[in-house]
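Taking it in order: structure first as structure tokens, then the write-up.
The values are calculated or read from the model by the stated rules, or taken from the named source; none is laboratory data. Remember, predicted model here, so these are calculated numbers, not experimental data. Using ideal geometry, Cβ is built from the backbone for each residue, glycine included, and neighbour counts are taken over all protein chains shown.
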Amino acid sequence: MNVTVTRVFPFLLIVLGIFLWIGYSITELTGGGRKASAAVDISPEGGEAIYWGKGRCFTCHSVGGQGSAVRGPNHGQFGEKFPFPMGARAEKRAKERSEKLGSNFSAVDYIVESLASPGAYVVQGYKNEMAVVYAPPISLSLKEIKAVVAYLMSLGGDLDMEAIDTAPSEMTNSFYSKISAAAAAGGGDPTAGAVVYEDNCTECHTLNGEGGEIGPDLTGISGKGLKFISESILQPAKSLTKGFETYVLIDKEGRQSIGLKTRDEAGEVDITKANGDVVTVAKADTKSLKVDDTKSVMPDDLSEGLTVKDYQDILSYLMLQKPKAEQ
Amino acid sequence: MARHRRIGNGKPIKVVRPVLWLALAGICLALTASPAFALEENVYRQFLGIDSRRLVWFLAQMHLFFGAFVLGVPLFAVIIEVVGWNNKDEKFDKLAYEFTSLLSVAYATTAALGGLLAFALFTLYPTFMGYMAGIFKDIMFLYALLFFGETFALYLYYYGWHWLKSDRPFAANLQWAFKALALVIAAAGIAFAAGLIGPEMRIDTRWFILLLYIAPLAVGFWILRDLKSSHIFIGILLNVFGTAIMQLANSWAGFMMSPVGVDGEGAFVGTVWQAFENVLATPIAIHRMLGNLAFGGLVAGSYAAVKFIGAKTPEEKAHYDWMGYISNFVAIAALIPLPFAGYYLGREVYSTSAVMGNNMMGGDFSWTFIIQAMLVGSLFIISNYYLWSGMTRIPGAERYYKFIKYILLALIISFAIWLTPHNLPLSSQEVGEMGGSQYHPMLKFLGLMPAKNAVVNLIILATFFSFLLYRRGNVLEAVSIRDQGKGAKITILVVGLAAVALVGQYAMTMLNMDPGELDLPADRAEYIRMIGYLLVFECVAGLAAIALALMDRGKLGQAIYLAVTAFNVTIFLGVWGFVVMEKASPVLRNVAVAQFLQLISCLIVVSVIDIFLFKRAKSLGPLKWGRMSVRSQYALLLLTFVITMNMGLMGFIRSGLRGDWHIFGVMRDTSEWAHTPSNFVMTQQVGGAVLLFMIGCAFMFWLGGIAAGKKGD
């Protein structure tokens, strides 16, 4: 025991001392410790706290020499690649965006879009891998996002708090609506999803013996998995169900009918359109009838019509539609 | 108060009931807590104004240190006992008993700390724990029952050691009954492996259960024939109970990181099995299992080192030198696959959440991982140093001293590459000097995953090479395998072919894989196929090594196989990793799997050939146990300190990845402590826990010494 006390423990204390010194040095090198994010104001200071705290922006971005992350663009002035800090850069990026889309983007619109739809206009040389900051696990509120926008605009840009908070442009406002809905949802609610389903899907799809027959029967759809359901809503043409291919019929007068082929008999073909209208064309009058695998009868702008909350709700509702064997 | 009973040969049994009750009370508290829902407002409390998170963190860390020791030691104690039993060598039996003697106090301390941790969690984090208890109540009941099993098995194993020593065989009928039971369990195991039982189970969970519960039980029943084998069977049961307890507790930790069956409102709508078998539960369990084994080995090794330093006689020195060697051997055996288990866990973390994955490698924890790299690199270098020091006790080993400098060079270069970060915080001026890039033009490559994967394989190969030199230290010439009978040939052939098949099946997977499975276009198939061709080449090298060994050219076979493997895993795949990263980055994970499979197969085949090459070879003299420098014992102690710090650090990373969420994405931490602590705070917490744990160990060793003194051992 004497040996332990007199030789081993001093040795241990030296080792632990080195360990503590390494921890201390690294903490100093990386800008000190952090504290829990308190409620923040919509201000550059509040945004800075979110950026380096709860928002975890520092995981992928740096601001000039502050931080060491390089997965996303540096938000400060940094080397030849980033000659302007974010606020000033946003003006330039907004102009490019306006030219591309033919709409009038302001710097604030550009930054808000980057947060609301990160994949919309990715900086060259970077991947579209930014996390959705208003969904779990980051889950920033709209107020916190506005604060981050203020912080980024304050980095060399014209900080206009009205444009960020009190009087946003129409475009920014539409992004804010999307963020608010998602933040409020915090995940899907199957009960609300049933209502959304009733309003948007029943007309075309059958579920447990009830509903229309234009689209595939969704009874037991959860067996196909979340990815399939999600893709079917957002990009319906990508995951067409066999027997529900989209046909394009052109008659001899050049009129085009797009929809499902619901009847094909000796002399006639029925095409059922997305709105439920049925067009009957005599085969003799048909110029061409082809499957178009790039289109779906299901509206492809459904995701625009649904809010994020509706989308999450309906996903959770459909995921509850278990195949019979599992029920 | 401890109660004493007498059983068998009259040795006292200490039933540590108060401690057990404390732990069980914690569990009961958990079971009676009313379930809460994730969106309810969280309630937080404090005890004496102490930061609740740091308190719980500290208690959890202490519980895990002692728990890891208690779970790790029986794993190798039973194996050592089996070696002694099989070879009829009393020395090994005594060593296994000495290792087990360290467990008694540690077990009681683990239980006491577990109870304290449960109380702290339920009183300081009532909402969170209510939610967890609501989901895991069935598993918590099972946990409590297993706790009884573990307790009885441990005390029976330790205190029944001398009582269950007889080798007088049981009645033949009874022996046949045990063998029949073993066959039934084995058949059930085969059905389970084939997926006939639990078809929906994750493959890692299935193999974990198969290898750590079903197979040991089948073996245990198969060998049951007398009291001594019954004692070994109890040891197996002890490990089965211990592993199951760990796996259940891991499912809670895993659920907190990768919750399943929870709806958008945070209400649990899944099944208990879903919650138990969450994505990260088994990867964590695999990593922890190996970690416990290495940790248990090294803590036992530190016991031997302390005893060696204080030894008064050559006999004592010889005994504790040998004990330290065995402990270090166990630790290295577990350390070798540990980086791969860590890689698998990391991959599953990324699969669970890219945010959590990015946070791990590029966010709060990127610097913590650099500290971790320092610690793990140190573990390998110090282990090698201990082996090299051990060569001084081997007559004839001086022939191999010349290789040590090359191994050291390989280790240092690998260590340096492993430590190289991809980028560092730089000033604008420094960026300008590097041509406007934040990355160094050359060193940036060393910071990327392909370089890290290559050097970790080289470190393992270098360590294995040290071990081969150690093994061959006192043998003169290899012996003929042809003359060793069928047993040697069959063993080499079966083990060799199994290892080659392991690589071969992955080669086929690579050759037939559709790039679409990795979301890659068809023209990227060549990047996958190349790995397949390389693995086929590796299989050819493996087969050549087996054939050469059977033709008495085993050393040549080993050399060819090691050289091919070293080239494939470090040079070829090291470079190919960069190509893949640029052109088809999802294939990078397949590169890592290919590296692991080649390395592990090579190590297995080369070891088996080596065993028979030098079996009964002419010796240059017996090992001079005890002829070790005191410095080497400090190396052994340092290994224990480093692995203990590393365990604490890894726990910090794993738990911290959730960010400010109690349950990732479901229940947010809304307390005043909801932020990631700095690395300095981490070193304070972990350092404090390590210090206290080591004081606890010193106390355990002291008690062990008193017990040994009383028995006159």
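Examine the stretch B:425-442 for a residue that is more than 14 Å from chain A (Cβ to nearest Cβ), surrounded by fewer than 22 Cβ atoms within 10 Å (Cβ to Cβ) and modelled with pLDDT under 85, and state whether such a residue exists. Yes, because at least one residue in the stretch B:425-442 is more than 14 Å from chain A (Cβ to nearest Cβ), surrounded by fewer than 22 Cβ atoms within 10 Å (Cβ to Cβ) and modelled with pLDDT under 85.
Residues that are assigned to a helix (DSSP H, G or I), within 14 Å of chain A (Cβ to nearest Cβ) and at pLDDT 90 or above: does the stretch B:238-250 have at least one?
Kept after step one, since they are assigned to a helix (DSSP H, G or I), are these residues of the stretch B:238-250: B:238-250.
From the residues that got through so far, the ones that are within 14 Å of chain A (Cβ to nearest Cβ) too are none.
Looking for residues that are assigned to a helix (DSSP H, G or I), within 14 Å of chain A (Cβ to nearest Cβ) and at pLDDT 90 or above, one finds none in the stretch B:238-250, hence no.
Exactly one residue out of B:541, B:462, B:454, B:501 is closer than 14 Å to residue B:595 by Cα and part of a helix (DSSP H, G or I): that is B:454. All conditions in (1) surrounded by 22 or more Cβ atoms within 10 Å (Cβ to Cβ); (2) over 24 Å from residue B:417 (Cβ atoms); (3) touching a Pro at 6+ places or on another chain (Cβ under 8 Å) hold for residue B:535, with the sole exception of (3).
Screening the candidates B:262, B:269 for the property of being within 14 Å of chain A (Cβ to nearest Cβ) and in contact (Cβ under 8 Å) with a residue 60 or more places away in the chain yields one hit, B:262.
Yes or no, residue by residue, for (1) outside any helix (DSSP H, G or I); (2) surrounded by 24 or more Cβ atoms within 10 Å (Cβ to Cβ):
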position: B:597; (1), (2): no, no
position: B:605; (1), (2): no, yes
position: B:610; (1), (2): no, no
position: B:627; (1), (2): yes, no
position: B:631; (1), (2): no, no
position: B:640; (1), (2): no, yes
position: B:650; (1), (2): no, no
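Looking at the stretch A:220-295, what strands (runs of 3 or more DSSP E) fall wholly within it and have at least 1 residues that are modelled with pLDDT under 75 and not hydroxyl-bearing (Ser, Thr, Tyr)? Reasoning before the result, please.
Numbers: elements: A:247-251, A:256-264, A:268-272, A:278-282, A:286-291.
Passing ranges: none, list empty.
With respect to the conditions (1) surrounded by fewer than 19 Cβ atoms within 10 Å (Cβ to Cβ); (2) modelled with pLDDT under 85, residue B:333 falls short on a single one, namely (2).
Identify, from the list B:385, B:406, the residue that is surrounded by fewer than 19 Cβ atoms within 10 Å (Cβ to Cβ) and at pLDDT 90 or above.
B:406
Could you pull out the residue among B:492, B:417, B:412, B:481 that is at pLDDT 80 or above and within 26 Å of residue B:580 (Cα to Cα)? Going through B:492, B:417, B:412, B:481 in turn, just one is at pLDDT 80 or above and within 26 Å of residue B:580 (Cα to Cα): B:417. Of all residues in the stretch A:170-179, none satisfies being assigned to a loop (DSSP other than H, G, I, E, B) and at pLDDT 80 or above. Against the test of being over 30 Å from residue B:499 (Cα atoms), more than 10 Å from chain A (Cβ to nearest Cβ) and in contact with a Leu (Cβ under 6 Å, 6 or more places away or on another chain), the options B:623, B:639, B:692 yield a single qualifying residue, B:639. Would you point out the residue of the stretch A:117-149, among those that are touching a residue at least 40 places away in the same chain (Cβ under 8 Å) and of a type in the set (Phe, Trp, Tyr), that is surrounded by the fewest Cβ atoms within 10 Å (Cβ to Cβ)? The selected residue is A:126. Given A:53, A:79, A:67, A:33, which one is facing chain B (nearest Cβ under 8 Å), at pLDDT below 85 and surrounded by fewer than 16 Cβ atoms within 10 Å (Cβ to Cβ)? One residue alone meets the criteria, A:33.
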